[in-house]
Amino acid sequence: MNNTIEFDDIQALVRFGHGHLVDASFLLLDIVDATQAKHWLTNAPVSSAEIAEDIPERALQIAFTMEGLQALGLEQEQVEGFSEEFYTGMSGDNSRSRRLGDIAQNDPKGWSWGGNSQPQSHVLLMLYAKSGQLDIFRHELEDNSFKQGFRLNQQLNTIDTGGIEPFGFTDGISQPEIDWERSVTTDFHSREDYSNRLALGEILLGYPNEYGEYTKRPLISPVSSKKTSLPRAEDYPEMEDLGRNGSYLVVRQLHQDVPGFWQYMDQQVSGDPQQREELASKMVGRRRDGTPLISDEHPIASNQLSAGAANEFDYDGDPHGYQCPIGAHIRRSNPRTGDFPADVQGFFSRLVRILGFGRKYPGDDLVASTRFHRLLRRGRPYGEPISPSDALKSGALNSERGLQFICLAANISRQFEFVQNAWAIGPKFSGLQNEGDPLLGHRQPLGSGEATDHFTQPNAQGPTHCSKGLPPFITVRGGGYFFLPGIRALRYIADANTSSSDYTASGGD
């Protein structure tokens, strides 16, 4: 097997976050003329993951919904080769919405885009540029083929906040390290301890994942297809691989009630500034400068954060959540667990634990191994920022601001949906009792009627403290599942056998 990575066939977003391109805008498009749309897609200057000699001043990435692939004429057999989650869509059924916490104020019926009460967009264009160059870049891209082929459905704007998310915390610190060299073993249960290094197949289709398996994706028989430049599948060399070097892109527009967040903290501590900061930090799991609560060093200098000093820790030494509460947002999002708890060594110890015996703490073995559920985040904030001090002022407005949450994963169900359902909003996460994520939780009672609007903070020196009556701090405004193809696959999709007579939308401007 050739371990060479085809960076020229991978869209740049998978390898780079485009952090130096501080201006970004995401365009949700409908295809109104398939022939013109495909002509534009064939020639679109999509940015690849190759390292250029000069630092790029702009970048373009392209992704499709299932409806978009169908509108471009991809054969139904090929579309059905994608995952069920992608095929159905984020808001495609009530069961999925319930599992994702998209109920009550998060119900897709009320979304401004991507909900189940409106048609799904077809294409997502992701534009990145240096400060002041975004409008120029967009104008250059929107030629006659673009204007005739697409109709703008929704524009998701972003804002550069210098790496600070809307609640005021340093963001983007914890990311998996992708094994581009393909040097780490993917043998099942051979990596017992937590590791930040992740198999390439957890992010890109067409490569072995952490189970040593290839994730389902469309494979095409060369006999039944026209001659293409698609790569061959590693696991089935006789087949062409439409998924290889591509990934699934999860997008969710998350509105953040910043005044509500800080005013709740203030009310809980009767206005004490130090306690207010402490409570907010406990809910997040980090201090505002990015220092993890689990760390013995505080503060970590900002110039050390990029070097990984704020990401090199686990929770093995804090099983009860005395330092970082078990329900804290970052602990739920990435529990940093290995295949076995830290005290399990050797075959006999493994066997005992597999059989369910030998637990040292009640919460042992209640959290799945993290390496099977990692996400690669690429989100950007939006809306006019407001400082915590201004958010505390009487009359502070809950304006439209929040996060354009974006993540990449090769398996939507096992990665994004598992993290969202079992960890983020799961009321029983790691042995907790009826408690959702303090940031993402929807606060709705369980089917039994038990409340979930509280946050517990264990205390080694005294009784557990419980903050009750949490309002929802984050509301979903829209969302969708997209396929971010490899660049050769993108050209193949643009060359699908259809014409303007096969798909021409009506209506609209």
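The values are calculated or read from the model by the stated rules, or taken from the named source; none is laboratory data. All values derive from a computational prediction rather than experimental measurement. When we count neighbours, we look across all protein chains shown, and the Cβ atoms used for this are built from the backbone with ideal geometry, even at glycine. We work out accessible area using only protein heavy atoms, side chains counted, and drop any ligands, DNA or RNA first. Shrake-Rupley method; radii C 1.70, N 1.55, O 1.52, S 1.80 Å.
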Show me the ranking of peptides 330-338, 137-145, 248-256 by mean Cβ neighbours inside 10 Å, starting with the highest.
248-256, 330-338, 137-145
PRE zone check, label point 7 Å out along Cα-to-Cβ of HIS320, amide N under 17 Å, scope region 401-439, hits 431-433
Tally up the carbon and sulfur contribution to the accessible surface of the chain as a whole percent, 1.4 Å probe, everything protein left in place.
49 percent
Can you tell me the length gained on complete extension of the stretch LYS109 to GLN274, counting 0.36 nm per residue apart and subtracting the Cα distance?
55.4 nm
Judged on accessible area alone, 1.4 Å probe, highest first, CYS466, CYS407 line up as CYS466, CYS407
Order these peptides, 210-217, 373-380, 446-453, by their mean beta-carbon neighbour count within 10 angstrom, highest first.
373-380, 210-217, 446-453
Can you tell me the order of 203-209, 130-136 when each peptide is scored by its average per-residue count of other Cβ atoms within 10 angstrom, highest first?
203-209, 130-136
Along Cα→Cβ, 7 Å out, is where each label goes; now give me the distance between the ones at GLN118 and SER389 in nm to one decimal.
3.9 nm
Tell me the mean residue ellipticity at 222 nm calculated for the chain from its helices only (DSSP H runs of n ≥ 4, each -39500 (n - 2.57), averaged over every residue, nearest 500).
-5000 deg cm²/dmol
Could you work out the relative contact order of the chain, using alpha carbon pairs under 8 angstrom and six or more residues apart, expressed as a whole percent?
25 percent
Positive end of the charge dipole of the chain (Lys, Arg +1 and Asp, Glu -1 on Cβ, about the Cα centre): tell me which of ALA489, LEU242, PRO119 has its Cα farthest that way.
PRO119
Could you tell me how far the Cα centroid of region 257-272 sits from the Cα centroid of region 89-157, in Å?
33 Å
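To the nearest 20 Debye, how big is the dipole of the chain about its Cα centre, given +1 on the beta carbon of each Lys and Arg and -1 on that of each Asp and Glu?
In total the dipole reaches around 780 debye.
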Please list the non-local residues whose amide H lies under 5 Å from the amide H of PHE483, H modeled 1.01 Å from N, same-chain partners needing a gap of 5 or more.
PHE64, THR65, LEU249
Say each of SER95 and GLU312 gets a label point 7 Å from the Cα, pointing the same way as Cα to Cβ; how far apart are those two points in nm?
4.5 nm
FRET efficiency for GLU400 and PHE7, Cβ-Cβ distance as r, R0 = 41 Å, nearest 0.05?
0.65
Rolling a 1.4 Å sphere over the protein heavy atoms, what is the accessible area per residue of the chain, to the nearest Å²?
43 Å²
Roughly speaking, what is the stretch gain from SER131 to ALA368, that is 0.36 nm per residue apart minus the C-alpha to C-alpha distance, in nm to one decimal?
81.1 nm
Pop a pseudo-label 7 angstrom from the Cα along the beta-carbon direction at both THR42 and ASN497 and give the gap in nm to one decimal.
1.7 nm
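Provide the FRET efficiency to the nearest 0.05 for the HIS20-LEU152 pair, computing r from the beta carbons and using R0 = 30 Å.
With R0 = 30 Å, the Cβ-Cβ based efficiency is 0.65.
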